[in-house]
Amino acid sequence: MPDFAYVARNQQGAKIAGTVSANSEREALAILTGQSLFPINVAAAKSASAGFMQSKKVRGQQMAVVYAQLAALLRSGVPLLRSISVLREQSSKPVLKEILNDVYAKVESGSTFAEAIARHPGAFGEMAVNMVRAGGEGGFLEDALERVAQFTEQQEDLKGRTLGALAYPIFLATVGTLVVMGLMIFFVPKFASLFDNLRERGELPAATEILLWISDTMRAWWWIVAIAATGVYLWLKNWLATPKGRFVSDLLKLRAPVIGAIYQALAVSRFCRVLGTLLKNGVPILKSLEISREAAGNKLLSQAIADASENISAGQSLAEPLAASGYFPKAVVEMIAVAEESNSLDKVLVDIADGLEKRTFRQLDLVVRLLEPMMLLVLAGVVLMVVIALLLPVIKMSGTV
């Protein structure tokens, strides 16, 4: 039975604070009233176990299945509590089962489904909670859950395709770095003793001198290099977590050649899809903008969307501040402006997201196809430079002989 923290006044008017165990907030209020107390504030007490539950995360693909199955059960006429019970019984993931157990207990004790899932932000995102809340209040919970399932699947597919496209270039970069390090640490030093005579006479080619110096430095001071690299990584990681670091990072991502346009298009498509999905499910536009601005994943775009929210609060349009920011493509802004006039913003935003994703993935595929041979050429070039630097003294010695 959960605990509720309360602040109340007794019959003498004195303020009293404490906790009371009850199945729901309403039951806690009834208990306090029965004790001749006048409640001022009653809220669920935060405990270590509750914080632990909130920190648990579930993969998006698993949650998409949960949303879809729950929508199917409800559409078939199965009551909500029974549907949650079915899902928790068939779940093979211990974390998901534990979360569904808690959701079941909260709904059984009188909480709404939206309130119950809001306790687990690691599994149920803010967008899903608001869509479920709107669906529960509007009587279309099954439709809301289906749309959440579709959205979650699309987002997971987007992540998977992006990571899949970048997997091979990352693999090439990693292997190339290891090959070059292996050459410099283990292969190049074996030739150093062969070039001693040329080095003493000052006839060793500059390229070979530089190569041997790099190799000796890496062998002798590798631990300093490793410590420095780790320090730079940790400093950069902490700095990027600060508001200024995040802002600079997001700005560089948008302005990066070639990749910046792809990153911008994906961020705009995420914003459009989240906003369109929320509006289609009856979530108020200001709340929808608040959620979708975080879904963009970029501070600069988020600030532009926040400015748009202020415009809407003042009775103006959404398109104008988005266009003024310069971070939204002109075609997207024009479509949003027309959609606002025709009152079809929710549908148009989803269409914009679909179109942007298709075009962006075509661009991403092209960039990746060009990137792969370029990385192979760079790797081959580095190896060739090492070989040439080692062969130059050999050729010089053979010419002398």
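Read-outs: derived from the displayed coordinates by stated rules, not from any lab. Predicted, not measured: the structure shown is a model, and the values here were computed from it. Cβ atoms come from the backbone with ideal geometry, glycine included; neighbour counts cover every protein chain shown.
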Fill in: 22 Å Cα-Cα reach of Lys106 towards lysines, excluding residues that sit fewer than 8 places from it in its own chain
Lys46, Lys56, Lys57, Lys93, Lys97
Worksheet, complete the sentence: Ordered by number, the GluC sites (Glu not before Pro) in region 161-261 that occupy a DSSP loop and have at most 15 other Cβ atoms within 10 Å are Glu203
Discussion item. Once you keep just the Cα pairs under 8 angstrom separated by 6 or more residues, what percentage relative contact order results for region 76-136?
Written reply: 23 percent
Fill in: DSSP-loop GluC sites (Glu not before Pro) across region 87-188, with at most 14 other Cβ within 10 angstrom
none
Worksheet item: Roughly how many nanometres apart are two label points built 7 Å out from the Cα toward the Cβ at Arg201 and Phe186?
Response: 3.4 nm
Worksheet item: Distance in nm between label sites at Gln12 and Ile214, each 7 Å beyond Cα in the beta-carbon direction?
Response: 8.3 nm
